[in-house]
Amino acid sequence: MVTLNHIQSALHRIRDAIYVSPCTRSQVLSELSGSTVFLKLENLQRTGAFKERGALNKLLALTPEERERGLVTASAGNHAQALAYHSARVGVKAEIWMPLTTPLVKVSATRHYGAEVVLHGTHFDEAFQASQQRCRDQHSTFIHPFDDEDIIAGQGTLALELLEQVPNLEVVVVPVGGGGLISGMAVALKELNPAIRIIGVQASLIPSMWAAVQSGRAVSVPAMATLADGIAVRTAGEKTFSLVQKYVDEIVLLDEEEIANAVLFLLEREKTLAEGAGAIGVAALLHHKITVEGKRVAIVISGGNMDVTLLARIIERGIVKDGRLVRLRISLPDHPGALHRLTEVIAANRVNIVETSYRRAFHGASLGHTVIDLTMETRGHEHGDAMIAALAKAGYGHERII
């Protein structure tokens, strides 16, 4: 069982090589929640996530013989980068198995840090099982990504930093996958201050730790693709589950839209890039899944390794949801000047046209009329509704597409 002493020893061991990430007060989240909210920015670590803490602590705890055999592990991405980076620093060979669905940014970074990457399976558990077989075949040293006492103790060092940075802390919100982070943090926090409330946050599509708590034992949930790929673990760890059972107060679940909204919120309002797993704690606050009014709250932003293509889709989807991007299908007479008069109405309402699709033969337009699809930028729902009302007043029939 991991103890406070283990975590304190881990901090002493890794302190010189791990960045003390800032813990900043969020004015906007504090106002929205009626509490005092701090963001612990682990996305600013060298490899973009908290995983460096546990990986380095485990590396430094290995015997010379264990290092000599080389390391094998499995990871959805962030543990991979952390182990690759620090194993290269200390001169140890690492082979890392990752699912085929791992974002390219994580695969490329892991290879860049010097590890050998093997892509295998459609989800983490398939890569994990294959990596264990590989380890047995070549007699390597296996590094579990979360269910290991040295890994758990290393992740728990985050809590010790947090307590130094935020006096009188009352609530801590932590992302949950296999449970390495929350179990290590929970030991440190509860042993030093049992009154601190610890809330785990997990993706509803793959709620392995939540299901374990409900069942009273570690269980496997179906493999599902989620925006929070960094915490997409089908089965909670045995060691981590026992610690979560003992120390964690509650676990809440977030759906994909809520997670995406939090990613965009952090980017726009906090100027912070966090991947889905990294932003999920903020999602819990934004969507009122937790009650923290009047409390001093710390949320762990656990990682920032997001694929830019996915980020672009999240941004576009978010601005559509906010009413800042509108697409209309408009019927108008098919004669010279008709399009000019339509755009005059739109321009008069200070709306910007960003894309057009103009076709006579499609959309069932009658002879003498045509249909045009317009994608437009607005300032939000009220601005868009005012523009649509102006079009209706001017006699333009329309259908809202998005």
Sorted list, accessible surface of protein heavy atoms, 1.4 Å probe, largest first, for 255, 229 is 255, 229
How large is the Kirkwood hydrodynamic radius of the chain, counting all unique pairs of alpha carbons, in Å? 22.9
Mind checking the angle between helix 276-286 and the chain's longest principal axis? C-alpha axes, 0 to 90 degrees, to the nearest 10. 70
Qualifying lysines (Cα of each under 29 Å from Cα of residue 393; at least 8 residues distant if same chain): 321
Greater than 20 Å apart at Cα, pairs in 190/295; 51/93; 58/246; 51/239: 58/246
What whole-number value in Å² describes the accessible area per residue of the chain for a 1.4 Å probe? 43
Counting pairwise Cα distances across region 252-293, what percent come out greater than 16 angstrom? 26
Taking the Cα centre of the chain as the origin, how large is its charge dipole in debye, to the nearest 20, when only Lys and Arg (+1) and Asp and Glu (-1) carry charge on their Cβ atoms? 420
Would you mind checking which residues have amide H under 5 Å from residue 295's amide H? H placed 1.01 Å from N; only 5 or more apart, or other chain. 36
Quick one: what Rg and Dmax do you get for region 221-305 from the alpha carbons, in Å? 13.7, 38
Global form of region 143-291, assessed from the alpha-carbon gyration tensor, a/c cut-off 1.5: oblate
With the full set of protein chains in place, find how many percent of the accessible area of the chain is carbon and sulfur; take the probe as 1.4 Å. 50
For the chain, built as a Gaussian network whose Cα springs stay under 10 Å, the top-fluctuating residue of 168, 261, 352: 352
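The values are calculated or read from the model by the stated rules, or taken from the named source; none is laboratory data. None of the values given here were measured: they were computed from a predicted structure. Positions of Cβ are backbone-derived with ideal geometry, glycine not excepted, and every protein chain shown enters the neighbour counts. SASA here: full protein model, heavy atoms, side chains in, ligands and nucleic acids out. Shrake-Rupley method; radii C 1.70, N 1.55, O 1.52, S 1.80 Å.
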